[in-house]
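Single-structure report; data block below.
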Number of protein chains: 2
Amino acid sequence: MSKREQILNAASQVIATKGANQLTLDAVAAEAGVSKGGLLYHFPNKDELIKGLNIHVITCFRNMIEAELESGIPYSQAYLQATIKTSADPDFLLVNSSLIAAVSNNSDFLNLWAEEYERFHQAWEQEGLSKEKSVVLRTLCDGLWFSSMFQLYPVANVDQQIVFDYMMKLLREELS
Amino acid sequence: MSKREQILNAASQVIATKGANQLTLDAVAAEAGVSKGGLLYHFPNKDELIKGLNIHVITCFRNMIEAELESGIPYSQAYLQATIKTSADPDFLLVNSSLIAAVSNNSDFLNLWAEEYERFHQAWEQEGLSKEKSVVLRTLCDGLWFSSMFQLYPVANVDQQIVFDYMMKLLREELS
DNA sequence: TTAAATTAACCGTCCAGACGGTACAGTTAG
DNA sequence: CTAACTGTACCGTCTGGACGGTTAATTTAA
């Protein structure tokens, strides 16, 4: 793992354990085992660090979808698979913390996600699903993310499986 | 509106417009038209302010559900109605910002929500819905909140209606 | 009845510490 | 020689919060 990646992981670790408001350059450098100077060598300022974190996570998610597509399944199913995999412990740490950092700092970081969502949307549209099904499916995916982010109830893992099965059922109905 | 409420609204306004990391006592006091001392009279420290914001919002949501129940509809439907109403512009501002403040500061604030969710759960269970339906419905509600929070795609309002209709359809199927 | 005491609600200033960021002189590995 | 760092020292600003007023209403005491 490159130092750069170590730093990004450290940043999300700090957010996850201490909260986004404790995301300081010193804390990230310490967590990553890097000096402050070294941190600032890779990310010239804090905003660039958060931006880098978001871009990294978005890229990971996109790659995950593309990896799923390799097996020849339709896009919508690949998206569901990637969502399930992502929202499962503990990989979700990165998504979680990058979104939190983005929304906490209220800069243009959420736009990065919005642009990616736009691409997701276009791919969904070409799938031939009914409007209702596609909106419901995407809202369910969002709901899984929400539940992974805030963890407001503990039995999430079992429930996630139920939701996933339901989504697959919806997909099969439609595509057959 | 009491000064206390003014302050809470100001806090969520600051979070919504400037981001959670700009939630400073000075900014809230200025937004509320109160001096810093006056703010600290009502909330002895910043944590108490955030806690107060979350309790306020949770109470509002609970009251909204209870208001819906007055008309004799079942609990699950009241919950859906309250969710739709809450996630519609611009009332969601309060929910949104209180959750963001809670997760940014990573203190025990999310526990307040978790406790409330626990109560929601118990009410859902007594509804006689199948496990699958109730999990799907609740995940859809979470998804609506997620989409209202992050607003990653713009056409949310139309889609929300579709999701709501779908949820009502699910409910009718089951309860009939 | 009225003066004094108390209290609630709020103002405005000040300060220690935290934080982002700079500067720069070394060090290590390839 | 260069890229990728380390380490230290430092600066200016921001921020939480302590603190000492102030004002007006209310209560108490004589």
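Computed on the Cα trace of the protein assembly as shown, the radius of gyration divided by the Kirkwood hydrodynamic radius gives Rg/Rh = 0.97.
The value of relative contact order for chain A, using C-alpha pairs under 8 Å at least six residues apart, is 22 percent.
Filter the cross-link list A:Lys51/B:Lys169; A:Lys51/B:Lys133; A:Lys51/A:Lys133; A:Lys85/B:Lys46; A:Lys131/B:Lys133; B:Lys18/B:Lys85 down to pairs whose alpha-carbon distance in this structure exceeds 30 Å.
Values: A:Lys51/B:Lys169 41 Å; A:Lys51/B:Lys133 38 Å; A:Lys51/A:Lys133 33 Å; A:Lys85/B:Lys46 37 Å; A:Lys131/B:Lys133 21 Å; B:Lys18/B:Lys85 25 Å.
From the list (A:Lys51/B:Lys169; A:Lys51/B:Lys133; A:Lys51/A:Lys133; A:Lys85/B:Lys46; A:Lys131/B:Lys133; B:Lys18/B:Lys85), the Cα-Cα distance tops 30 Å for A:Lys51/B:Lys169; A:Lys51/B:Lys133; A:Lys51/A:Lys133; A:Lys85/B:Lys46.
Protection proxy ranking of A:79-85, B:64-70, A:160-166, by the mean of other Cβ atoms within 10 Å over each peptide's residues and highest first, is A:79-85, A:160-166, B:64-70.
Angle of helix A:75-87 to the longest C-alpha principal axis of chain A, folded into 0 to 90 degrees and rounded to 10: 40°. Between B:Asn111 and B:Gln22, the modelled label-to-label distance comes to 3.2 nm, taking each label 7 Å out from Cα in the direction of the beta carbon.
Which value results for Rg/Rh of the stretch B:3-175 when Rg is the Cα radius of gyration and Rh the Kirkwood radius based on the inverse mean 1/r? Walk me through the numbers before you get to the answer.
Details: Rg = 17.4 Å, Rh = 17.2 Å.
Rg/Rh: 1.01.
Exposure proxy ranking for B:Thr139, B:Thr59, based on other Cβ atoms within 10 angstrom of each Cβ and starting from the fewest, stands as B:Thr59, B:Thr139. Between A:Gln161 and B:Ala30, the simple label model (points 7 Å from Cα in the Cβ direction) yields a spacing of 5.3 nm. Summary of the geometry: the stretch A:87-111 and the stretch B:54-71, compared by the centres of their Cα atoms, lie 29 Å apart.
Laboratory data are not the source of any read-out in this text; all were calculated from the coordinates shown. Fair warning: this is a prediction, and the values are worked out from it, not measured in the lab. Methodologically, a virtual Cβ is constructed for each residue, glycine included, from the backbone with ideal geometry; neighbour enumeration extends over all protein chains shown.
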